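The values are calculated or read from the model by the stated rules, or taken from the named source; none is laboratory data. Keep in mind that this is a model prediction, so the values were computed, not measured. A quick note on method: Cβ atoms are made from the backbone with ideal geometry, for glycine too, and the neighbour counts reach across all protein chains shown. Calculation scope for accessible area: heavy atoms of the full protein, side chains included, ligands and nucleic acids excluded. Shrake-Rupley method; radii C 1.70, N 1.55, O 1.52, S 1.80 Å.
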There are 2 protein chains.
Amino acid sequence: MDQATLVEYIAREVLAHLNPLSGGAWAVERQALAAKGVPVAVSVRHIHLAQPEIDILFGPGYALHKQRDLYQPGEFAAEEVVTLVGPRLRSLSNVRVLGPVRKRTQVEISRTDAITLGLKVPVRPSGQLKGAATLTLVGPRGSITLPECCIVANRHIHISTVQARTWGLRDDQRVSVSVRSERPAVLGDVQIRVADTFKLVMHIDTDDANAVGLTCGSTVEITDGE
Amino acid sequence: MDQATLVEYIAREVLAHLNPLSGGAWAVERQALAAKGVPVAVSVRHIHLAQPEIDILFGPGYALHKQRDLYQPGEFAAEEVVTLVGPRLRSLSNVRVLGPVRKRTQVEISRTDAITLGLKVPVRPSGQLKGAATLTLVGPRGSITLPECCIVANRHIHISTVQARTWGLRDDQRVSVSVRSERPAVLGDVQIRVADTFKLVMHIDTDDANAVGLTCGSTVEITDGE
């Protein structure tokens with residue numbers, strides 16, 4: 001390998017680790033070489049309910065009513081809403097219930113919401129509720145103070161098995177994504193979630209969305225894996 | 001220059017553009033080589049007032065009362081607060097007035113606040129009010145609907161002339177900063193603001209703070225200039 005070729009080789013290897021925010025010609029080239037664009041969906045505060053909590057909040061044997069389908073197959077926004085009340089008795093009303101019914105009740109709020117409620121809430125992947133915050137849920141037929149139910153959802157990307165293979169990504173991998181906007185950023189620690197039926201989308205909460213100027217339908221780009 | 005020296009040189013040059021989020025040994029080395037740590041202050045929504053607006057909101061010739069000094073010399077939080085009302089008549093109450101009196105009234109809110117008010121607000125450096133949003137300000141003695149007064153403040157770092165020189169930064173330069181937290185990120189388009197009397201601090205709004213898990217007293221690091 002002659003010197004020029006070696007330098008070229010090193011430059012390209014390094015390119016693979018470069019961040020677009022660093023600017024300059026290399027970043028542009030990196031974009032062109034490997035654009036992994038992902039559409040964004042902004043998750044507003046919501047709640048997934050298990051049947052025992054549905055029974056308490058809406059009445060025994062109550063069934064959720066579908067309002068509209070969500071992007072991921074089988075998921076839907078229900079007509080039902082609940083009110084969340086924190087330990088200092090501050091509340092958030094009209095929090096949407098998402099279906100279908102789950103095995104365990106899980107509330108997902110933003111850190112801004114957590115501050116409103118006067119609550120310390122850990123950042124967690126969906127389903128990891130050990131150490132999650134306690135919250136009082138209020139429905140039209142009853143209320144319950146539920147331990148370990150409330151998290152700030154981590155940033156994550158849903159991707160199909162086929163697409164993940166194409167892009168060289170694996171389930172539960174952490175990547176960074178680049179956001180081009182009025183307030184650009186690279187968001188780190190984004191969890192990859194792979195399933196055969198998943199449609200490609202990045203879920204971020206309203207804090208991330210508002211901080212970096214993203215709305216539903218914006219596109220971000222996976223810039224590196226970790 | 002022999003080949004090994006050349007490769008070393010290239011690697012170091014590239015290092016200067018590398019982002020810590022990319023991970024790996026180089027990122028760690030980059031940290032060790034040039035840590036430019038900056039303390040963070042989170043700016044909650046607030047308003048700077050000019051005397052004509054003080055006269056309308058609080059009464060002719062009214063003078064602000066200092067509640068407490070802020071970090072930058074001469075700046076203070078006043079005892080006075082106002083209510084902001086947007087075009088859809090939604091409001092935010094208890095918005096703190098910051099002193100001293102300015103030549104022009106300027107309201108700084110987060111994008112989350114803008115959504116609450118039902119308002120489209122541009123991201124701007126302080127003082128650049130052309131195209132800023134119109135907002136109604138309400139005080140105890142009067143109210144005014146003020147055109148071009150409301151912005152989402154850009155991310156910016158206050159730094160003294162001496163410190164800026166040490167770190168090779170110039171006024172109005174844009175840099176990126178790296179945030180290590182539960183939700184790590186690299187925030188781009190951060191404006192450098194240099195003055196002899198400035199004390200080192202990065203000002204971010206509540207959206208950025210809550211998105212990436214920063215509070216007052218957290219430290220971020222300048223990772224590259226643009």
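Structural remarks
- Per-residue shielding of A:102-114, expressed as the average number of other chain Cβ atoms within 10 Å of the residue Cβ, stands at 2.
- Ranked by solvent-accessible area (1.4 Å probe, protein heavy atoms only, all chains present), the residues A:206, A:215 order from largest to smallest as A:215, A:206.
- Chain pair B, A: total accessible area buried, heavy atoms, 1.4 Å probe, Å²: 3300
- Interchain or long-range residues, amide H under 5 Å from residue B:218's placed H: B:40
- Ranked by how many other beta carbons lie within 10 Å on average, peptides A:87-96, B:105-114 from highest: B:105-114, A:87-96
- The simple Förster model, with R0 at 60 Å and r as the Cβ-Cβ distance, assigns residue A:72 and residue B:63 a FRET efficiency of 0.55.
- For the set A:130/B:36; A:36/A:66; A:66/A:199, the pairs lying more than 30 angstrom apart at their alpha carbons are A:130/B:36; A:36/A:66.
- When only alpha carbons are used to place a centre, the range B:84-141 and the range A:169-226 end up 30 Å from one another.
- Solvent-accessible surface (1.4 angstrom probe) belonging to residue A:65, in square angstrom, nearest 10: 80
- Once all protein chains are placed together, residue A:167 keeps about 50 Å² accessible to a 1.4 angstrom probe.
- Taking label positions 7 Å along the Cα-Cβ direction at both residue B:167 and residue B:196, the computed distance is 2.1 nm, reported to one decimal.
- Net lengthening on full extension, residue B:128/residue B:182 (0.36 nm per residue, minus Cα-Cα): 16.1 nm
- Averaged over B:208-218, number of beta-carbon atoms from partner chains that fall within 10 Å: 5
- Scanning residues 5 or more positions from residue A:156 or on other chains, those with amide H under 5 Å from its amide H are A:191, A:203, with H placed 1.01 Å from N in the peptide plane.
- Rounded to 0.05, the FRET efficiency of the residue A:50 and residue B:103 pair, given R0 = 56 Å and the Cβ-Cβ distance, is 0.45.
- In this simple spin-label model, placing a label point 7 Å from the Cα along the Cα-to-Cβ direction at both residue A:116 and residue B:79 gives a separation of 3.2 nm.
- Distant-in-sequence amide contacts of residue A:150, defined by a placed amide H-H separation under 5 Å and a gap of 5 or more residues or a different chain, comprise A:107, A:133.
- For the segment B:121-129, counting C-beta atoms of other chains within 10 Å of every residue's C-beta and taking the mean gives 1.
- Computed with a 1.4 Å probe on the full set of protein chains, the accessible area for residue A:75 sits at about 60 Å².
- Couplings for the range B:88-93, taken from phi via the Karplus curve 6.51 cos²θ - 1.76 cosθ + 1.60 with θ = phi - 60°, read 9, 6, 7, 10, 10, 9 Hz in order; Gly and Pro are left as x.
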